[in-house]
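Report on the following structure.
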């Protein structure tokens, strides 16, 4: 009996194991296979594109600098004397029109000396006349006319022209020419006792007051022209190819309201070794300008043909390249960077109609498969 029971137990266990295997296979057949294609499709990144349209763009070069007066001159004296009052006080901030008297220096001593020398010359000519009438009668009349018109209070006129060499030596022998040029020198010196404004401007420095004794070579003050200024602006060395003398400049101030228009007057040839920049001098005038003001602006420089302005984020500036979307794959294309403009760059060498990658893509590489987002504008310029 025990043997039969043991055999039945073994057969029953085998049947149960076979049934479990059959039931498990039927459950496996009822499960759907994974959708591999859809999963792979979901891994393709969607990107935005930018369609290239080349055009002519005016290059705008950023500049900045401090304002300086174009005409600014120190005032010196060439004579000695006591300062006298003039029409306007010689004080800082006083405006003087062109040709007006800045300062007067007492000239009485020099004026009397000049009168004395003119009188001596007149006396010398008078003493010469009898001999001249005898030896050179043909020249007597022109010298008599000269003597009749002689006025010690007026500037002397040039001597009559000699009719021959003998008359020339005759006049020179009486030391008349020496006296004549001494008087002309003194007349020229007398004009330096009144200092006039070479241009209209404001006094920015005054070192003397009325009643002071001044000496030759002494600096009396500084006069500055307030109608014409010059901006010494810095420009990057790489931008000089686009700046020319005569280019127009738009300028603004952070502290004073208004916009001023200037013009590039000249460009320095020296490069600052520390900043690799060059000084560009801009002619500017207008209201509310002051020396020392800090201005910034842009130079409307040369026009660049067949370029497009691109966001700097989509351009590899080191390799000078961009990614192009072609048949849903990325291809690298070389470009020529013409100019960097802050957050954008001007590039050339990309044909019109080319579709550029305009999205941030992780681990981007050439040959990468992408899907173009049709809902985005093809002409957008900024990354989203």
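The values are calculated or read from the model by the stated rules, or taken from the named source; none is laboratory data. Since the structure is predicted, the reported quantities are computational estimates derived from the model, not experimental observations. We place every Cβ from the backbone using ideal geometry, glycine too, and count neighbours over all the protein chains shown.
Can you name the residue in segment 330-354 that is at pLDDT 90 or above and assigned to a strand (DSSP E or B) and is also farthest from residue 318 (Cα to Cα) among such residues?
Keep residues of segment 330-354 that are at pLDDT 90 or above, which gives 330-336, 347-354.
With the extra rule that they be assigned to a strand (DSSP E or B), the set shrinks to 330-334, 336, 347-348.
Details: 330: 19, 331: 17, 332: 14, 333: 13, 334: 11, 336: 11, 347: 13, 348: 16 Å.
By that ranking, first place goes to 330.
Examine segment 220-227 for a residue that is assigned by TED's automatic domain parsing to the domain that holds residue 85, more than 18 Å from the chain's Cα centre (by Cα), at pLDDT 90 or above and surrounded by fewer than 13 Cβ atoms within 10 Å (Cβ to Cβ), and state whether such a residue exists.
no
Which of the residues belonging to segment 231-245 are part of a loop (DSSP other than H, G, I, E, B) and out of contact with any strand residue (DSSP E or B) (no Cβ under 6 Å at 6 or more places or on another chain)? Even if it seems obvious, please write down each step before you answer.
Initially, segment 231-245 is screened for residues part of a loop (DSSP other than H, G, I, E, B), giving 243-245.
Within segment 231-245, 244 is the sole residue that qualifies.
Here's a check for you: in segment 52-69, which residue that is buried (at least 16 other Cβ atoms within 10 Å of the Cβ) and at pLDDT 90 or above is nearest to residue 322 (Cα to Cα)?
52
Residues checked against (1) within 30 Å of residue 302 (Cα to Cα); (2) in contact (Cβ under 8 Å) with a residue 60 or more places away in the chain:
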residue: 156; (1), (2): no, no
residue: 162; (1), (2): no, no
residue: 171; (1), (2): no, no
residue: 176; (1), (2): no, no
residue: 184; (1), (2): no, no
residue: 196; (1), (2): no, yes
residue: 218; (1), (2): no, yes
residue: 233; (1), (2): yes, yes
residue: 246; (1), (2): yes, no
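Among the residues of segment 251-264, is there at least one that is modelled with pLDDT under 90, surrounded by 16 or more Cβ atoms within 10 Å (Cβ to Cβ), in contact with a strand residue (DSSP E or B) (Cβ under 7 Å, 6 or more places away or on another chain) and over 28 Å from residue 370 (Cβ atoms)?
Within segment 251-264, none of the residues are modelled with pLDDT under 90, surrounded by 16 or more Cβ atoms within 10 Å (Cβ to Cβ), in contact with a strand residue (DSSP E or B) (Cβ under 7 Å, 6 or more places away or on another chain) and over 28 Å from residue 370 (Cβ atoms).
Within segment 144-157, does at least one residue satisfy the condition of being modelled with pLDDT under 90 and either under 28 Å from residue 113 (Cβ atoms) or not in a helix (DSSP H, G or I) (or both)? Talk me through it step by step, then tell me what you get.
Start the filter on segment 144-157 by keeping residues that are modelled with pLDDT under 90, which leaves none.
There is no residue in segment 144-157 that is modelled with pLDDT under 90 and either under 28 Å from residue 113 (Cβ atoms) or not in a helix (DSSP H, G or I) (or both).
What are the residue pairs meeting all of these: first residue in segment 106-134, first residue in the same structural domain as residue 154 (by TED's automatic domain parsing) and on the phi > 0 side of the Ramachandran plot, second residue at pLDDT 95 or above and loosely packed, with under 15 Cβ neighbours inside 10 Å, Cβ atoms under 6 Å, and 6 or more apart or on different chains?
Taking only residues 6 or more apart or on different chains, not a single pair turns up.
Can you pull out every residue in segment 162-196 that is outside any helix (DSSP H, G or I) and farther than 16 Å from residue 128 by Cα? Give the steps one after another, and end with the answer.
Of the residues in segment 162-196, the ones outside any helix (DSSP H, G or I) are 162-164, 174-175, 194-196.
163, 164, 194, 195, 196 - these are the residues of segment 162-196 that are outside any helix (DSSP H, G or I) and farther than 16 Å from residue 128 by Cα.
Name every residue in segment 316-338 that is surrounded by 16 or more Cβ atoms within 10 Å (Cβ to Cβ) and either under 27 Å from residue 280 (Cβ atoms) or assigned by TED's automatic domain parsing to the domain that holds residue 266 (or both), in order of residue number.
337, 338
Return yes or no: is residue 354 touching a strand residue (DSSP E or B) at 6+ places or on another chain (Cβ under 7 Å), surrounded by 13 or more Cβ atoms within 10 Å (Cβ to Cβ), under 26 Å from residue 44 (Cα atoms) and in contact (Cβ under 8 Å) with a residue 24 or more places away in the chain? Talk me through it step by step, then tell me what you get.
On the way: touching a strand residue (DSSP E or B) at 6+ places or on another chain (Cβ under 7 Å): yes; surrounded by 13 or more Cβ atoms within 10 Å (Cβ to Cβ): yes; under 26 Å from residue 44 (Cα atoms): yes; in contact (Cβ under 8 Å) with a residue 24 or more places away in the chain: yes.
Considered against the rule, which asks whether it is touching a strand residue (DSSP E or B) at 6+ places or on another chain (Cβ under 7 Å), surrounded by 13 or more Cβ atoms within 10 Å (Cβ to Cβ), under 26 Å from residue 44 (Cα atoms) and in contact (Cβ under 8 Å) with a residue 24 or more places away in the chain, residue 354 comes out as yes.
May I ask you to list the residues in segment 269-293 that are without any contact (Cβ under 8 Å) to a residue 40 or more places away in the chain and under 17 Å from residue 66 (Cα atoms)?
Filtering segment 269-293 down to residues without any contact (Cβ under 8 Å) to a residue 40 or more places away in the chain leaves 269-274, 286-288.
Of everything in segment 269-293, those that are without any contact (Cβ under 8 Å) to a residue 40 or more places away in the chain and under 17 Å from residue 66 (Cα atoms) turn out to be 272, 286, 287, 288.
Condition first: in a loop (DSSP other than H, G, I, E, B), touching a helix residue (DSSP H, G or I) at 6+ places or on another chain (Cβ under 6 Å) and touching a residue at least 12 places away in the same chain (Cβ under 8 Å). Can you find one or more residues in segment 375-383 that meet it? Before the answer, list the steps.
The first filter runs over segment 375-383 and keeps only residues in a loop (DSSP other than H, G, I, E, B), leaving 375-383.
Subsequent filtering for residues that are touching a helix residue (DSSP H, G or I) at 6+ places or on another chain (Cβ under 6 Å) retains 383.
If we keep only those that are touching a residue at least 12 places away in the same chain (Cβ under 8 Å) as well, we get 383.
Among the residues of segment 375-383, at least one is in a loop (DSSP other than H, G, I, E, B), touching a helix residue (DSSP H, G or I) at 6+ places or on another chain (Cβ under 6 Å) and touching a residue at least 12 places away in the same chain (Cβ under 8 Å), which makes the answer yes.
Go through segment 261-277 and report how many residues are in a strand (DSSP E or B) and over 13 Å from the mean Cα position of the chain (by Cα). Reasoning before the result, please.
Our first condition is that a residue be in a strand (DSSP E or B); within segment 261-277, this holds for 261-272, 277.
Cutting the leftovers down to over 13 Å from the mean Cα position of the chain (by Cα) gives us 269-272.
Result for segment 261-277: 4.
In this structure, is residue 139 closer than 19 Å to residue 182 by Cα and either in the same structural domain as residue 115 (by TED's automatic domain parsing) or free of Cβ contacts under 8 Å to residues at least 24 places away in the same chain (or both)?
On the way: closer than 19 Å to residue 182 by Cα: no; either in the same structural domain as residue 115 (by TED's automatic domain parsing) or free of Cβ contacts under 8 Å to residues at least 24 places away in the same chain (or both): yes.
Against the criterion (closer than 19 Å to residue 182 by Cα and either in the same structural domain as residue 115 (by TED's automatic domain parsing) or free of Cβ contacts under 8 Å to residues at least 24 places away in the same chain (or both)), residue 139 does not qualify.
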